[in-house]
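For reference, the structure is listed below as structure tokens.
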Amino acid sequence: MKKLDTKWMHPRDQIIMIIDKIYHSGLTTTSGGNISIIDESGDIWVTPSAIDKGSLRASDIVCVRKDGTIEGRHKPSSEYPFHKAIYEIRPDIKAVVHAHPPALVSFSIVRQIPNTNIIPQAKNICGPIGYAEYKLPGSEELGEIIAKEFERGYNAVIMENHGTVVGGTDLGDAFQRFETLEFCGRTIIYGSSIGKPNYLTDEQIDEFEEQIPRLLPEMEKTEHPSDERAIREEIKKIVHRASAQGLMISSYGTVSVRWKGNDFLITPTNVARWDIQNEDIVQIKDGKREAGKLPSRSTWLHQEIYKRFPHVNSIILTQTPYLMAYSVSAEKLDVRTIPESWIFLQDVPNVPFGSHFAGKEEILNLLSKNTPAVIIDNDSVLVTGDKLLGTFDRLVDAEFSAKSLVLSVSLGDLKPINDEQVEDLRKKFLS
Ligand SMILES: [Zn+2]
């Protein structure tokens with residue numbers, strides 16, 4: 001079963017799960033941020049006012065009945081007026097998330113809206129972004145001005161000198177929009193600190209949506225022997241770990257592991273990555289997919305990599321905050337920072353957006369034992385390796401290197417390890 005099951009879980013349990021995720025991802029302060037859900041009877045379930053977000057329990061959630069009666073041990077959030085205003089003006093919205101996540105607050109204090117064309121999936125997930133000018137927190141005026149933006153059709157709004165508010169058809173939808181928008185903000189900020197961010201055109205985004213395979217034919221019968229199930233467990237654990245460590249967001253990222261021959265298991269498309277379960281993972285055998293499941297949109301690329309590179313037994317394709325700075329600015333990631341980075345990664349070339357689409361050869365021609373990872377412009381980073389844990393380790397290492405490089409910009413120029421020192425590393429560790 002899904003961890004977040006918006007159909008069967010009580011609204012207060014859904015709220016607790018998501019506020020916990022937001023808090024532990026560093027996307028809200030201890031007291032800031034609030035979440036609500038409107039149920040089918042018109043009752044609104046909302047986080048309480050001024051209670052520690054790190055230790056909130058289901059019994060702390062307040063219910064404001066349709067007739068205005070308040071039930072619960074606490075007062076509803078002081079921002080409740082704008083939650084209510086959004087539900088009144090937009091009956092299609094069933095959940096609202098408001099917080100002060102650092103990158104979007106940065107945008108709100110310089111009074112800008114992040115351009116979601118920075119990565120391919122964000123434009124469709126977030127939709128166009130509204131902007132609400134500053135009003136006193138908790139006031140009816142703030143409620144009105146936000147509701148006006150939602151009335152215009154926006155599902156995500158930057159609140160001037162405050163933060164952001166997003167709505168969704170359920171809490172999973174709202175959370176994904178919130179997280180993706182913050183990720184866009186962060187990517188633009190980090191990309192700007194090392195270079196100049198490039199943005200995808202609407203045509204490139206459409207192209208990304210349309211290139212979706214050539215869906216593989218379905219197999220008639222699928223068997224799940226023990227070794228196959230062990231791989232599912234391994235993939236799920238790594239995806240959850242990557243999500244918890246901020247190395248994969250809900251809306252993007254693929255992990256696959258070779259099973260036997262060129263058969264492999266791969267994560268599905270359209271499932272929140274942090275909530276992937278063993279049964280969601282898709283078996284690909286003899287060029288066919290497990291019936292009734294949609295494998296990742298990058299399945300073709302994974303399949304070709306397994307066919308051509310016998311040394312590759314696992315692949316991770318994801319968006320991480322600091323590597324994406326290199327992806328969106330097309331700056332070269334120089335891994336000659338510390339010995340470990342160079343040994344693990346050697347050379348990480350950039351390839352243009354679209355190189356990962358079905359039928360394209362560029363990445364296949366670049367990958368080798370000495371080039372285990374590539375950065376795809378405005379898209380993601382692709383890391384290959386033998387065992388999945390080793391591939392994950394390589395990803396973590398690349399992200400740490402990128403982070404050190406981004407953080408070093410304000411200190412001075414990078415002084416890389418020199419050729420001779422690199423040669424010594426090669427002799428000692430790679431030959
Ligand atoms: Zn607020």
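The values are calculated or read from the model by the stated rules, or taken from the named source; none is laboratory data. Treat the numbers as computed from the prediction; the structure is a model and nothing was measured. No Cβ is skipped: glycine too gets one built from the backbone with ideal geometry, and neighbour counts run over all protein chains shown. Side chains are part of the model used for accessible areas, which takes the heavy atoms of the whole protein and leaves out ligands, DNA and RNA. Shrake-Rupley method; radii C 1.70, N 1.55, O 1.52, S 1.80 Å.
Taking only C-alpha pairs under 8 Å that are 6+ residues apart, what is the relative contact order of the chain in percent?
12 percent.
Would you mind telling me the antiparallel percentage of the DSSP bridges in the chain, rounded to 5?
About 85 percent, rounded to the nearest 5.
What is the helix-to-structure angle for 226-244, meaning the angle in degrees between its Cα long axis and the longest Cα principal axis of the chain, kept from 0 to 90 and rounded to the nearest 10?
With rounding to tens, the tilt is 60 degrees.
What FRET efficiency comes out for Ser193 versus Ile338 if R0 is 22 angstrom and r is the Cβ-Cβ distance? Round to the nearest 0.05.
E(calc), rounded to 0.05, equals 0.65.
Just how large is the dipole of region 291-431 about the Cα centre, in debye to the nearest 20, putting +1 at every Lys and Arg Cβ and -1 at every Asp and Glu Cβ?
Result for region 291-431 is approximately 500 debye, rounded to the nearest 20.
Compute the Kirkwood hydrodynamic radius of region 236-368, taking the inverse of the mean of 1/r over all pairs of distinct Cα atoms, and give it in Å to one decimal.
Details: mean 1/r = 0.0628 Å⁻¹.
About 15.9 Å, per the Kirkwood formula over Cα pairs.
Let me spell out the model: positive unit charges on the Cβ of Lys and Arg, negative unit charges on the Cβ of Asp and Glu, origin at the Cα centre of the chain. What dipole size does that give, in debye rounded to 20? Don't skip to the end; give the middle numbers.
Working: 50 positive and 61 negative charges, 160 e Å.
Computed about the Cα centre, the dipole is about 760 debye.
What would the Debye equation give as log₁₀ I(q)/I(0) for region 297-371 at q = 0.22 Å⁻¹, counting only Cα atoms as equal point scatterers?
-1.23
Can you give the accessible area per residue of region 37-98, in Å², using a 1.4 Å probe? The partial results should precede the final answer.
Numbers: 2900 Å² over 62 residues.
Ligands and nucleic acids excluded, the result is 47 Å² per residue.
Would you list the P(r) distribution for region 147-217, with all Cα-Cα distances sorted into 5 Å bins from 0 and each bin expressed as a whole %?
P(r) for region 147-217, in whole percents per bin: 3, 12, 14, 17, 21, 17, 9, 4, 2, 0, 0.
So what is the diffusion coefficient of region 44-114 in µm² per second by Stokes-Einstein at 20 °C and 1.002 mPa s, using a Kirkwood Rh over Cα pairs? Working shown, then result.
Working: Rh = 13.8 Å.
Answer, rounded: 155 µm²/s.
Leaving ligands, DNA and RNA out of it, rank Leu411, Leu345 by accessible area with a 1.4 Å probe, largest first.
Leu411, Leu345
In the chain, if the dipole is taken from +1 on Lys/Arg beta carbons and -1 on Asp/Glu beta carbons about the Cα centre, which of Val105, Phe183, Gln283 is farthest to the positive end?
Comparing the listed Cα positions along the dipole, Gln283 ranks first.
If you roll a 1.4 Å probe over the chain with all protein chains in place, what percent of the accessible area is carbon or sulfur?
51
Label-point separation (nm) for Ser410 and Lys387, each offset 7 Å from Cα along Cα-to-Cβ?
The answer from the label model is 3.9 nm.
Over region 176-331, give the accessible area per residue in Å² for a 1.4 Å probe, as an integer. The partial results should precede the final answer.
Values: 6100 Å² over 156 residues.
For region 176-331, the solvent-accessible area averages 39 Å² per residue.
Nearest 10 degrees, 0 to 90: what angle lies between the long axis of helix 388-408 and the longest principal axis of the chain (Cα atoms)?
70
So what does Glu362 come to for accessible area, using a 1.4 Å probe and Å² rounded to 10?
For Glu362, the solvent-accessible surface is approximately 80 Å².
Taking a virtual spin label 7 Å from the Cα of His311 along the C-beta vector, which residues in region 319-344 bring their backbone nitrogen under 18 Å of it?
Inside the label zone: 341-344.
In whole Å, what are the Cα extents of the chain along the three principal axes, biggest one first?
Principal-axis extents of the chain (Cα, largest first): 72, 59, 41 Å.
To the nearest 10 Å², what's Tyr23's accessible area with a 1.4 Å probe?
70
Going from most exposed to least, what order do Ser41, Ser251 have by accessible area with a 1.4 Å probe?
Result of the area sort, largest leading: Ser41, Ser251.
How much solvent-accessible surface does Lys428 expose, in Å² to the nearest 10, with a 1.4 Å probe and all protein chains in place?
Result for Lys428: roughly 150 Å² accessible.
Quick check: residue separation of Asp206 and Lys2 times 0.36 nm, minus the Cα distance between them. What number comes out in nm?
Extra length from Asp206 to Lys2 when fully extended: 70.4 nm.
Dipole size in debye (nearest 20) for region 1-93 around its Cα centre, Lys and Arg Cβ +1, Asp and Glu Cβ -1?
The calculated dipole for region 1-93 is roughly 200 debye.
Could you tell me which of the pairs Lys7/Lys123; Lys7/Lys237; Lys123/Lys260; Lys3/Lys148; Lys84/Lys123 are separated by over 29 angstrom between their Cα atoms in the structure shown? Walk me through the intermediate numbers first.
Numbers: Lys7/Lys123 26 Å; Lys7/Lys237 25 Å; Lys123/Lys260 38 Å; Lys3/Lys148 34 Å; Lys84/Lys123 26 Å.
Long pairs (Cα-Cα over 29 Å): Lys123/Lys260; Lys3/Lys148.
Over all alpha-carbon pairs of region 24-81, lay out the pair-distance distribution in 5 Å bins, whole %, shortest bin first.
Taking every Cα pair in region 24-81, the percentages come to 4, 21, 30, 23, 13, 7, 2, 0.
Can you give the extra length, in nm with one decimal, that the chain gains between Glu144 and Ser368 once fully stretched, where that is 0.36 nm per residue apart less the Cα-Cα distance? Before the final figure, lay out the partial values.
Values: separation 224, 0.36 × 224 = 80.64 nm, distance 5.70 nm.
This chain segment gains 74.9 nm when fully extended.
What do you get for Rg/Rh of region 1-106 when both radii come from the Cα atoms and Rh is the Kirkwood radius?
Here the Rg-to-Rh quotient is 0.94.
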